[in-house]
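The values are calculated or read from the model by the stated rules, or taken from the named source; none is laboratory data. What you see is a predicted model, and the numbers here were worked out from it, not measured in a lab. Quick reminder, even Gly has a Cβ in these numbers, built from the backbone with ideal geometry, and neighbours come from all protein chains shown.
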Amino acid sequence: MASVRATAHPNIALVKYWGKKSAAGNIPAVPSLSITLDSLTATTELTEATSDQFVLNGEEQSGAAKDEKLTRFLSYLRERHDVPPLTISSTNNFPTAAGLASSAAGFAALVTAVDQLCALNLSTKALSELARAGSASAARSILGGFVGLTGPKFVAESIATREHWPLQVVVAITNTGKKSVSSTEGMTRSAVTSPYYSNWLDTANADYDRARAAIQSKNFTELAEVSEHSCLKMHAVMQTTQPPLMYWNPASLACIQKIQNLRAQGVDVFFTIDAGPQIKAVCTQNSVDSVATILAQMPGVLSIEKIGLGGPAQAKG
Ligand code: PMV
């Protein structure tokens, strides 16, 4: 039976997405801006089958473990394209569902593989739109380098190539467990209960424009300030949601403070954190080695990885 493989990388938002305008097709309520990572990779292999089957990191998923997001996505896909029953085998070379954007990389790899298997010949925009229906952040993993996701269409747009500004990221892993509240559930709760949600929506466009300009002019301090601000506003919304979404652990907070001190001493580094306790420290090539050494010694940091900026999702034939 026909079989294809595709790979995609996670991306990390510098200007964060949190909140949906519409659940159908996952239309975000705010613009976001990300960097695609290298070396962390999701690989998805598709084989035509007699019924759908999902294998994650070598383990068949069934019953409660079956991914609801994936089942919903396959229905969405088949309403639009002629896609046969599939065995979907997905492998991540990094922790799954722990705030490392595994679903972004996974859905970007999946739509790229479906496009190849079914000879759909979709444009990059159409692939990004389809990936967004799986997970909004997946729309951004279709492209490499610096990527924007803005309305009204919310399909990924390249802001700059990775060669334009080869930033580096030190990922500090502080917990490898799965997150307790999914981002979709968390966003729904925040929109209804956080007193800061409307301010979050009102200020997102300005953050996006500021970050985009900082990338174009390679102004590290400016990008650092707006990225940390966007991250902290998102976590303020999360933490003031009822019941609260507290994704940090003590090591996350210790790393935030260490990174702020380092920048005050002139080191090129800023932090960002998603729906999990891992710290992503964005650096320049000058600072990456010293930041990696310092974060590796922080209490509660289990491991670190130094990662460059990555390229787009790719079918492997
Ligand atoms: O696309 P989702 O549902 O995995 O949501 C991602 C949300 C954050 O990672 C917290 C922020 C972002 O913009 O990636």
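Descriptive notes on the structure:
- Total residues in segment 111-131, condition within 16 Å of the ligand (Cβ to nearest atom) and in contact with a strand residue (DSSP E or B) (Cβ under 7 Å, 6 or more places away or on another chain): 2
- Candidates 205, 199, filtered to the one that is within 16 Å of the ligand (Cβ to nearest atom), surrounded by fewer than 15 Cβ atoms within 10 Å (Cβ to Cβ) and not charged (D, E, K, R): 205
- Residue 55 fulfils the conditions (1) part of a loop (DSSP other than H, G, I, E, B); (2) more than 14 Å from the ligand (Cβ to nearest atom); (3) of a type in the set (A, V, I, L, M) except for a single criterion, (1).
- Of the residues making up segment 156-180, those that are free of Cβ contacts under 8 Å to residues at least 24 places away in the same chain, more than 17 Å from residue 308 (Cβ to Cβ) and part of a loop (DSSP other than H, G, I, E, B) number 1.
Residues checked against (1) out of contact with any Phe, Trp or Tyr (no Cβ under 8 Å at 6 or more places or on another chain); (2) farther than 23 Å from residue 145 by Cα; (3) assigned to a helix (DSSP H, G or I):
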{"position": "17", "(1), (2), (3)": "yes, no, no"}
{"position": "21", "(1), (2), (3)": "yes, yes, no"}
{"position": "24", "(1), (2), (3)": "yes, yes, no"}
{"position": "35", "(1), (2), (3)": "no, no, no"}
{"position": "72", "(1), (2), (3)": "yes, yes, yes"}
{"position": "76", "(1), (2), (3)": "yes, yes, yes"}
{"position": "94", "(1), (2), (3)": "yes, no, no"}
{"position": "109", "(1), (2), (3)": "yes, no, yes"}
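- In segment 24-34, residue farthest from residue 86 (Cα to Cα) [restricted to those that are touching a residue at least 40 places away in the same chain (Cβ under 8 Å) and away from the ligand (no atom under 11 Å from the Cβ)]: 29
- Residue in segment 213-226 that is more than 16 Å from the ligand (Cβ to nearest atom) and under 16 Å from residue 17 (Cα atoms) present: no
- Contact map, segment 249-271: residues that are under 13 Å from residue 171 (Cα atoms) and modelled with pLDDT of 95 or more paired with residues that are part of a helix (DSSP H, G or I) and of a type in the set (Gly, Ala, Ser), Cβ distance under 6 Å, separation 6+ or inter-chain. Pairs shown: 270/224; 270/227.
- Residue within segment 5-22 that is touching a residue at least 12 places away in the same chain (Cβ under 8 Å), within 13 Å of the ligand (Cβ to nearest atom), buried (at least 22 other Cβ atoms within 10 Å of the Cβ) and of a type in the set (D, E, K, R) present: yes
- Extreme residue, modelled with the lowest pLDDT, among residues of segment 55-85 that are within 16 Å of residue 103 (Cβ to Cβ) and of a type in the set (Asp, Glu): 67
- Residue that is at pLDDT below 95, within 16 Å of the ligand (Cβ to nearest atom) and at negative phi, where the choices are 2, 104, 108, 49: 104
Conditions tested, residue by residue: (1) over 25 Å from residue 211 (Cα atoms); (2) out of contact with any Leu (no Cβ under 8 Å at 6 or more places or on another chain).
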residue	(1), (2)
258	no, no
263	no, yes
282	no, no
294	yes, no
297	yes, yes
300	yes, yes
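- Within segment 157-184, the only residue that satisfies the criterion of being crowded, with 20+ Cβ neighbours inside 10 Å, more than 13 Å from the chain's Cα centre (by Cα) and among the small types (Gly, Ala, Ser) is 172.
- Candidates in segment 42-89 are the residues that are under 20 Å from the mean Cα position of the chain (by Cα) and among the basic types (Lys, Arg); of these, the one that is surrounded by the fewest Cβ atoms within 10 Å (Cβ to Cβ) is 72.
- The criterion of at least 3 residues that are farther than 18 Å from residue 14 by Cβ is met, among helices (runs of 4 or more DSSP H) falling completely within segment 207-317, by 250-264, 288-296.
- Any hit, segment 27-36, residues being surrounded by fewer than 24 Cβ atoms within 10 Å (Cβ to Cβ) and over 19 Å from the mean Cα position of the chain (by Cα): no
- Residues that are under 28 Å from residue 255 (Cα atoms) and assigned to a strand (DSSP E or B) occur at least once in segment 139-146.
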